[in-house]
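Undergrad: Got a structure for you, written out below as structure tokens; questions coming shortly.
The values are calculated or read from the model by the stated rules, or taken from the named source; none is laboratory data. Just so we're clear, the structure is a prediction, and the values are computed from it rather than from any experiment. Ideal geometry is used to build each Cβ from the backbone, glycine not excepted, and the neighbour counts take in all protein chains shown.
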Amino acid sequence: MSIIQKIRDVEDEMARTQKNKATMGHLGMLKAKLAKLRRDLLEPGSGVKGGPSGEGFDVTKVGDARVGFVGFPSVGKSTLLTKLTGTYSEAASYEFTTLTCIPGIVRYRGAKIQMLDLPGIIEGAKDGKGRGRQVISTARTCNLILIVLDCLKPLTHKRLIEHELEGFGIRLNKKPPNITFRKKDRGGINFTCITQNLKLDLDTVKAVCSEYRIHNADIHVNDDYEIDDLVDVIEGSRVYIPAIYVINKIDQITIEELEVMDKLPHYCPICAFHEWNLDGLIEMAWDYLDLVRVYTKPKGRLPDFNEPVVLQRQHCTVEDFCNRIHKTLIKQFKYALVWGSSVKHRPQRVGRDHVLHDEDIVQIVKRI
């Protein structure tokens with residue numbers, strides 16, 4: 001039996017199983033089995049007949065951040081890339097115009113943002129249909145995903161694309177679960193939760209762990225999480241990526257429909273062809289990327305405001321700043337002088353662990 005058929009059998013059994021307290025353990029075991037099968041399917045060389053490997057397109061990562069366009073065929077991804085970056089990506093009225101990944105660069109607020117026009121995906125992409133697995137593998141490497149939707153059927157396409165991305169281990173607009181999982185040599189499964197969790201209990205946790213052949217572990221849950229969150233933590237291969245739902249071709253809908261869409265979270269209405277609200281999309285993408293710009297100041301000279309060092313907010317210490325300039329710089333590091341909102345005095349002497357804020361100015365002092 002092929003892996004795809006096994007996946008379908010597990011999904012069918014999950015659909016038949018009633019969801020109640022008595023079946024939580026069985027559902028947990030099925031979800032763990034499904035996650036393992038999907039992992040086997042997506043590994044390169046899994047032997048799926050006619051399907052691509054789990055590797056993405058060979059596109060070199062350049063710039064300070066990477067943004068991927070994901071969507072069904074003929075929703076305007078190629079037009080959007082051309083309008084934003086000036087890079088030509090063939091656009092036509094027929095489906096599957098783009099057959100490979102087309103990169104382009106946007107310069108915004110001193111940062112270089114790489115944008116990828118990915119081929120259109122189809123339902124069943126996560127199971128190897130079309131070039132779906134290559135598309136989604138590349139999407140996993142992005143710092144932000146723009147899910148481009150046709151304004152005439154956005155909710156239907158949104159649900160289908162989310163289902164495909166979820167099946168490939170991509171979690172959109174979510175944070176990693178605050179669950180501590182640690183294997184041990186003996187002592188059985190020790191499960192603790194700081195709140196009254198109605199979705200996870202010891203029997204369910206044991207059923208999930210048993211499917212992974214884990215019989216001794218400490219598991220501590222810090223919030224009201226579900227079985228899927230526990231499976232994600234055990235799998236350890238999930239990526240948590242912010243996403244913006246880009247509603248394209250808004251010239252085809254009414255003002256009333258546009259006002260409703262504009263109030264939805266993570267949505268950005270645009271018309272790529274007429275270049276409507278592209279500035280708003282870029283600004284929203286900047287906010288979701290959560291980048292920090294740090295300016296360098298050589299000793300005895302003015303700061304360089306033309307070429308900032310751009311860092312991810314979760315990695316923006318002085319040490320990260322040094323490593324971004326040159327990997328050997330931290331070995332000669334003595335201290336840094338910082339001007340900006342991250343310090344009380346201007347300048348202030350700080351160490352390598354100091355966390356920098358957006359538009360700080362830094363001067364590195366080396367050992368003599």
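Undergrad: Which one is farthest from THR23 (Cα to Cα), of the residues in the stretch 218-246 that are in contact with a Cys (Cβ under 6 Å, 6 or more places away or on another chain) and at pLDDT 95 or above?
TA: Let us first name the residues in the stretch 218-246 that are in contact with a Cys (Cβ under 6 Å, 6 or more places away or on another chain), namely 221, 244, 246.
The next check asks that each one be at pLDDT 95 or above; those that pass are 244, 246.
Details: ILE244: 36, VAL246: 39 Å.
For the stretch 218-246, the residue satisfying everything is VAL246.
Undergrad: I would also like to ask the following. Which members of the stretch 158-205 meet the condition of being surrounded by 20 or more Cβ atoms within 10 Å (Cβ to Cβ), modelled with pLDDT of 90 or more, part of a helix (DSSP H, G or I) and not β-branched (Val, Ile, Thr)?
TA: Selection gives LEU165 alone.
Undergrad: Just to be sure before I move on: is ILE219 surrounded by 21 or more Cβ atoms within 10 Å (Cβ to Cβ), of a type in the set (A, V, I, L, M), in contact (Cβ under 8 Å) with a residue 24 or more places away in the chain and not assigned by TED's automatic domain parsing to the domain that holds VAL106 in the structure I sent? Talk me through it step by step, then tell me what you get.
TA: Values: surrounded by 21 or more Cβ atoms within 10 Å (Cβ to Cβ): yes; of a type in the set (A, V, I, L, M): yes; in contact (Cβ under 8 Å) with a residue 24 or more places away in the chain: yes; not assigned by TED's automatic domain parsing to the domain that holds VAL106: yes.
Here the answer is yes, as ILE219 does meet what is asked.
Undergrad: Are any residues in the stretch 6-46 at pLDDT 90 or above, surrounded by 14 or more Cβ atoms within 10 Å (Cβ to Cβ) and of a type in the set (Gly, Ala, Ser), and if so, which ones?
TA: Of everything in the stretch 6-46, those that are at pLDDT 90 or above, surrounded by 14 or more Cβ atoms within 10 Å (Cβ to Cβ) and of a type in the set (Gly, Ala, Ser) turn out to be GLY25, GLY28, ALA32, ALA35.
Undergrad: Could you tell me whether the stretch 313-330 includes any residue that is more than 29 Å from the chain's Cα centre (by Cα) and either within 30 Å of PRO154 (Cα to Cα) or loosely packed, with under 15 Cβ neighbours inside 10 Å (or both)? Even if it seems obvious, please write down each step before you answer.
TA: So in the stretch 313-330, the residues more than 29 Å from the chain's Cα centre (by Cα) come out as 328-330.
Checking which are either within 30 Å of PRO154 (Cα to Cα) or loosely packed, with under 15 Cβ neighbours inside 10 Å (or both) leaves us with 328.
Checking the stretch 313-330: at least one residue is more than 29 Å from the chain's Cα centre (by Cα) and either within 30 Å of PRO154 (Cα to Cα) or loosely packed, with under 15 Cβ neighbours inside 10 Å (or both).
Undergrad: Among the residues in the stretch 254-266, are any in contact with a Phe, Trp or Tyr (Cβ under 7 Å, 6 or more places away or on another chain), in a helix (DSSP H, G or I) and outside the structural domain of THR85 (by TED's automatic domain parsing)?
TA: Pass one, the stretch 254-266, residues in contact with a Phe, Trp or Tyr (Cβ under 7 Å, 6 or more places away or on another chain): 261, 266.
With in a helix (DSSP H, G or I) added as a condition, the list becomes 261.
Subsequent filtering for residues that are outside the structural domain of THR85 (by TED's automatic domain parsing) retains none.
Scanning the stretch 254-266, I find no residue that is in contact with a Phe, Trp or Tyr (Cβ under 7 Å, 6 or more places away or on another chain), in a helix (DSSP H, G or I) and outside the structural domain of THR85 (by TED's automatic domain parsing), so the answer is no.
Undergrad: Please tell me if GLN348 is more than 32 Å from the chain's Cα centre (by Cα) and more than 20 Å from ARG301 (Cα to Cα). Step through it out loud before you land on a result.
TA: Numbers: more than 32 Å from the chain's Cα centre (by Cα): yes; more than 20 Å from ARG301 (Cα to Cα): no.
No: the conditions fail for GLN348.
Undergrad: While we're on this one: Could you please find all residues in the stretch 332-352 being modelled with pLDDT of 95 or more and either within 16 Å of VAL292 (Cα to Cα) or of a type in the set (Lys, Arg) (or both)?
TA: Selection gives LYS334, VAL338, TRP339, GLY340, SER341, SER342, VAL343, LYS344, ARG349, ARG352.
Undergrad: Can you find a residue in the stretch 331-351 that is closer than 27 Å to GLY104 by Cβ and in contact (Cβ under 8 Å) with a residue 24 or more places away in the chain? Give the derivation first.
TA: Narrowing the stretch 331-351 to residues closer than 27 Å to GLY104 by Cβ: none.
No, every residue in the stretch 331-351 fails to be closer than 27 Å to GLY104 by Cβ and in contact (Cβ under 8 Å) with a residue 24 or more places away in the chain.
Undergrad: Turning to a different aspect of this structure: Can we say GLU275 is surrounded by fewer than 18 Cβ atoms within 10 Å (Cβ to Cβ) and either of a type in the set (S, T, N, Q) or farther than 27 Å from THR82 by Cα (or both)? Explain how you work it out, then say what you get.
TA: On the way: surrounded by fewer than 18 Cβ atoms within 10 Å (Cβ to Cβ): yes; either of a type in the set (S, T, N, Q) or farther than 27 Å from THR82 by Cα (or both): no.
Taking the combined requirement at face value, the residue does not satisfy it.
Undergrad: Which members of the stretch 206-216 meet the condition of being assigned to a helix (DSSP H, G or I) and aliphatic (A, V, I, L, M)? Give the derivation first.
TA: Our first condition is that a residue be assigned to a helix (DSSP H, G or I); within the stretch 206-216, this holds for 206-211.
Within the stretch 206-216, ALA207, VAL208 qualify.
Residues checked against (1) of a type outside the set (Gly, Ala, Ser); (2) not in a strand (DSSP E or B):
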site	(1), (2)
PRO298	yes, yes
LEU302	yes, yes
ASN306	yes, no
ALA336	no, no
SER342	no, yes
ILE364	yes, no
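Undergrad: A follow-up question, please. Within the set of pairs 6 or more residues apart or between chains, which connect a residue that is on the phi > 0 side of the Ramachandran plot inside the stretch 264-293 to a residue that is part of a loop (DSSP other than H, G, I, E, B) and surrounded by 16 or more Cβ atoms within 10 Å (Cβ to Cβ) with Cβ atoms less than 6 Å apart?
TA: Once the first residue is on the phi > 0 side of the Ramachandran plot and sits in the stretch 264-293, its partners that are part of a loop (DSSP other than H, G, I, E, B) and surrounded by 16 or more Cβ atoms within 10 Å (Cβ to Cβ) give ASN277/ILE270.
Undergrad: May I pose another question? Of the residues in the stretch 305-328, how many are at pLDDT below 95 and under 17 Å from VAL365 (Cβ atoms)?
TA: Of the residues in the stretch 305-328, 3 are at pLDDT below 95 and under 17 Å from VAL365 (Cβ atoms).
Undergrad: It is to be established whether one or more residues within the stretch 123-136 are at negative phi, buried (at least 24 other Cβ atoms within 10 Å of the Cβ), modelled with pLDDT of 95 or more and hydrophobic (A, V, I, L, M, F, W, C).
TA: No.
Undergrad: Restricting attention to the stretch 226-241, which residues are out of contact with any Lys or Arg (no Cβ under 9 Å at 6 or more places or on another chain) and in a loop (DSSP other than H, G, I, E, B)?
TA: Listed by number, the list holds a single entry, GLY236.
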